[in-house]
Amino acid sequence: MTLRLHANEHPQGPPAGVADALHALIPELHRYPAASSALETAIAELYDVPLNRVLVGAGSAEIISLAWRAFTGPDRAAFFHEPEFEFYPMLAAQCGTPALTRPWPLDGDLATHLADASVGLVALSNPHNPTGSARPRREIADLAGRLPDTTVVLNDEAYHDYADVDDGELSLGALSDLPNVLTTRTFSKIHGLAGLRIGYGIGNACLIGALRSLQTPFSVSTAACTAALAALADPSVPAERRAHNRRQRDSLADALTARGFEVSPSQANFLYVRPPHGRSTWAADLLDRGVRVQPVGADLRVTVGSATDVAALITAVDDLLSAVQTNNLGES
């Protein structure tokens, strides 16, 4: 069985209570989904925002897709970094949207780079996928304030639950006061509900209204909403899982650094690493050893798994390093 360290899935299952909630739902599965207003209400209360600023979707991916449809077009480009969440260039291709890109990290001020462009959407994964670095929300707000109101800044916070947040961090409520910031969140990561596809967007009521008008009826299943509500019922889970991820992330970073990898600081549940020896085949070589990681050019994005996952990865890395050393000795 191949170890999945490429998709940034949480190594634990859903929180306690989700299974019971889903089991109780079984007698009603012949019914079409009801409106997701109960979950949207719970999210609005959690972040202290008006209900009309929340939209639930089939994963944050659906909300992002709706944003692409609503705010970009043949003459309204989308901006994203390179490398970036692979979903962004896919959406640009599917929607026929011109794509403006700049290497990560950006050399200079982003607002200046976009000053003369007709940009409908600025897509920023935050923490950044694949490097794991995070922007303070105040930087997002500052950027949005320096762009036209018609240019929407997508603050994609799929991994925000794993980040260490400063006490003075801008709230989602304050960010949603701005006319051109859309924040997306997901239950796929720290809540362990990736298989049910449930996420949400928070933004100004006009932005949310534009997205809601494009959303397909019944796109969010009853099971997904039920599971998400059950996950929210225990607010201690994210903090516990964030602390556990931090310990595992630090352990994995130390182990890879000791073996010659360059490891970027991360605020997510993955590490962005540059393997030693300048080999471009690390992802394929690790897959041959039963470990799947995500290639990013010659670099790698590696999910922080369980302690057992980390041990298996390091075993595969050591085996590969040994093989590389043996081959080098044989060639000398």
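Give just the number: which of (1) at pLDDT 95 or above; (2) within 24 Å of Ala174 (Cβ to Cβ) does Ala111 not satisfy?
Among (1) at pLDDT 95 or above; (2) within 24 Å of Ala174 (Cβ to Cβ), Ala111 violates only (1).
For segment 145-159, indicate whether the set of residues that are within 19 Å of Gly57 (Cα to Cα), hydroxyl-bearing (Ser, Thr, Tyr) and surrounded by 18 or more Cβ atoms within 10 Å (Cβ to Cβ) is non-empty. Spell out how you get there, then give the answer.
Filtering segment 145-159 for residues within 19 Å of Gly57 (Cα to Cα) gives 152-159.
Checking the rest, the ones that are also hydroxyl-bearing (Ser, Thr, Tyr) come to 159.
Going one step further and asking which of them are surrounded by 18 or more Cβ atoms within 10 Å (Cβ to Cβ), we end up with 159.
Checked against the condition, which is being within 19 Å of Gly57 (Cα to Cα), hydroxyl-bearing (Ser, Thr, Tyr) and surrounded by 18 or more Cβ atoms within 10 Å (Cβ to Cβ), segment 145-159 yields at least one hit.
Have a look at Val273, Val263 and point out the one that is touching an Asp or Glu at 6+ places or on another chain (Cβ under 7 Å) and free of Cβ contacts under 8 Å to residues at least 60 places away in the same chain.
Numbers: Val263 fails: touching an Asp or Glu at 6+ places or on another chain (Cβ under 7 Å).
The match here is Val273.
Those residues that are buried (at least 22 other Cβ atoms within 10 Å of the Cβ) and not aliphatic (A, V, I, L, M), I need them from segment 205-221; list them, please.
Correct list: empty.
Could you check segment 140-168 and list, in sequence order, the residues that are touching a Pro at 6+ places or on another chain (Cβ under 8 Å), in a helix (DSSP H, G or I) and among the acidic types (Asp, Glu)?
Correct list: Asp161 only.
Please verify whether segment 169-185 includes one or more residues that are closer than 27 Å to His6 by Cα, assigned to a helix (DSSP H, G or I) and modelled with pLDDT of 95 or more.
No; the residues of segment 169-185 include none that is closer than 27 Å to His6 by Cα, assigned to a helix (DSSP H, G or I) and modelled with pLDDT of 95 or more.
Please go through segment 1-35 and pick out each residue that is within 22 Å of the chain's Cα centre (by Cα) and part of a loop (DSSP other than H, G, I, E, B).
Passing the criteria: His6, Ala7, Asn8, Glu9, His10, Pro11, Gln12, Gly13, Pro14, Pro15.
Restricted to segment 232-255, and to residues that are of a type in the set (A, V, I, L, M, F, W, C), surrounded by 15 or more Cβ atoms within 10 Å (Cβ to Cβ) and under 23 Å from the mean Cα position of the chain (by Cα), which residue is farthest from Ala307 (Cα to Cα)?
Only one residue fits best here, namely Leu232.
The values are calculated or read from the model by the stated rules, or taken from the named source; none is laboratory data. Quick caveat, the model's predicted, so the values are computed rather than measured. Note that we place each Cβ from the backbone using ideal geometry, even for glycine, and neighbour counts take in every protein chain shown.
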